[in-house]
Amino acid sequence: MDLSKRFVTVALVALLVAGAGCAGLTGGDAGSDDDAEQYENATAVQEAAMERMQDVESYTFTMETSMTSENMTMNSTSEGAANIADRRLRQNQTVTMRMQGQNMTINSTSYMIGDTMYSSYDGGAWQTMNISNMPGGMSVDETWNQSDTMEQQEALLNGSNVSFGDEKTTTVDGREVYVIEIDIDEEEYMKVMDQQMMSNAQQQQQTGDINVSNISITQYVDTDSMYVVRTDMSLEMTTNGQTMNQEMTMTFDDFNEDVSIEAPVETGDATVAA
């Protein structure tokens, strides 16, 4: 696999897991009429959304991500579906990048089925890779635990102060939503991310050189169901003297509906990625 495709493969896994983890904030069954009450403070809204998250087993999602630094610009758009209960994820993604004076666009489709990742670039042949062999050194269980456990998300919220936005409610895709601003300390944010993304002492040492600042997280909670239907996040990350700005918008829908995600080919019919 060439360098560009290897880079995108790593990005695909990171975004897939990010989508699954963030969906953990969204909750389970739709709220009853009693749940449609007007909450008087942001903490109560967040607690209600956290309570809902316990039963989420499947959902669909979209993500728009941009990352910029002095030497690189990357934009990514993707859509997909997840069935956390059955360990199945699907994502279609377009990545455009400018790095070292070169422009690159890669269209990809990726599946994670159990312990296997399937990837196809620009309509080409399917490649497979065992998740435990992905760069980063995570085991299969560690990768999937990021997707279905809520401990890291709860830690993120427990380390945060929440408040309503400039407007208590607004409209997202025709739905009335609460606007929840999350104010988290940079040190607490890095602590949570280390717990979520790092699997061994060597990787934790590597993240020790990363400084994060200007973190902004906004969640939009449906006033009827108490699902988080959208999350906006931005931050600055500095490492080795280079600063990167990242912005991400995620939307979530079709909670606990029937999501069918099947492997695109038989494992024996795909090329094993090097």
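The values are calculated or read from the model by the stated rules, or taken from the named source; none is laboratory data. Not measured: the values here are computed from a predicted model. Reconstructed Cβ throughout: ideal geometry from the backbone, glycine too, with neighbour counts over all protein chains shown. Side chains are part of the model used for accessible areas, which takes the heavy atoms of the whole protein and leaves out ligands, DNA and RNA. Shrake-Rupley method; radii C 1.70, N 1.55, O 1.52, S 1.80 Å.
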request  = Report, ordered by the first and then the second residue, all pairs with beta carbons closer than 6 Å, sequence separation of six or more or different chains, a first member in the stretch 251-267 that is over 10 Å from Phe61 (Cα atoms), and a second member that is part of a loop (DSSP other than H, G, I, E, B) and open to solvent by 40 Å² or more (accessible area, probe 1.4 Å).
outcome  = Asn256/Glu57; Pro264/Trp126; Val265/Trp126
key: Options Thr109, Thr105; residue that is modelled with pLDDT of 90 or more and closer than 15 Å to Pro264 by Cα   = Thr109
remark   = Checked the stretch 46-83 for anything farther than 17 Å from Met112 by Cα and β-branched (Val, Ile, Thr); matches are Val56, Thr65, Thr68, Thr73, Thr77
key: Filtered residues of the stretch 228-269 (kept if touching a strand residue (DSSP E or B) at 6+ places or on another chain (Cβ under 7 Å) and on the phi > 0 side of the Ramachandran plot)   = Asp254, Asn256
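Go through the stretch 61-129 and tell me which strands (runs of 3 or more DSSP E), entirely inside it, have 2 or more residues that are without any contact (Cβ under 8 Å) to a residue 60 or more places away in the chain and surrounded by fewer than 19 Cβ atoms within 10 Å (Cβ to Cβ).
Answer list for the stretch 61-129: 72-83, 88-99, 102-113.
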remark   = Those residues of the stretch 240-256 that are open to solvent by 50 Å² or more (accessible area, probe 1.4 Å) and of a type in the set (S, T, N, Q) come to a total of 5
